[in-house]
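Engineer: Take a look at this one; I'll ask things after.
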Amino acid sequence: MRVHQQSSIASINGKTLKGSSAEQNAFSLLWETKKVSLGPNDTYKAFVKFRQFKRTNDITHARFSTPTRNPEIEVRMPDEIDHLCRFGGPHTTIDEHRIAKRETLHGMYFPHQAMRFRWWPKATVTT
């Protein structure tokens, strides 16, 4: 696995924070930025990129420990795979962006709710 010495992993009010590798083992990487203080009207964005190898018909769950405003899930997969994203509660407003294959939850995503992402092979039609 190729790991860069520094990478942009967050921003505060549009100013990029560089992170560096703090820990690495056979299963994970830990990156950290310098410690910063946030004011009441400051905006913090974290950039997360990862790759998983799973079965053709599978599900994954993610939980975050901080509130997130308008979280997004961007999907990159082959055209023959279909998917479904859920952001916790049953009555949520989700925008599906057709071009970027991205889904955005409108509103605040509170800590410890389960974000679910499910995928499966599209049905094939035989004649």
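Any read-out appearing in this document is the output of simple, stated calculations on the displayed coordinates, not a laboratory observation. As the structure is a prediction and not an experimental result, all values here were calculated from the model. In this analysis, Cβ positions are derived from the backbone assuming ideal geometry, glycine residues included, and neighbour counts consider all displayed protein chains.
Engineer: How large is the charge dipole for the chain, taken about the Cα centre, if only the Cβ atoms of Lys, Arg (+1) and Asp, Glu (-1) carry charge, to the nearest 20 debye?
Structural biologist: 260 debye
Engineer: If each of residue 48 and residue 35 carries a label point 7 Å out from its Cα toward its Cβ, how far apart are those two points in nm?
Structural biologist: In this crude label model, residue 48 to residue 35 measures out at 2.3 nm.
Engineer: Another one. Using DSSP to call loops (not H, G, I, E or B), can you name the chymotrypsin sites (Phe, Trp or Tyr not before Pro) in region 15-114 whose Cβ has at most 11 other Cβ atoms within 10 angstrom?
Structural biologist: Those satisfying the criteria are 27, 50, 53.
Engineer: Give the relative contact order (percent, whole number) for the chain; include only Cα pairs under 8 Å separated by 6+ residues.
Structural biologist: Relative contact order for the chain comes out at 24 percent.
Engineer: Top mean-square fluctuation among 86, 69, 51, Gaussian network model of the chain, C-alpha springs under 10 Å?
Structural biologist: Result for the chain, Cα springs under 10 Å: 51 fluctuates most.
Engineer: Among 73, 31, 84, whose Cα lies farthest out toward the positive end of the dipole of the chain, if unit charges sit on the beta carbon of Lys, Arg (+1) and Asp, Glu (-1)?
Structural biologist: Farthest along the dipole direction, towards plus: 31.
Engineer: If you don't mind, there's one more thing I want to ask. Report, to two decimal places, the Cα Rg of the chain normalised by 2.2 N^0.38 Å (N = number of residues).
Structural biologist: Dividing the Cα Rg of the chain by 2.2 N^0.38 Å gives 1.25.
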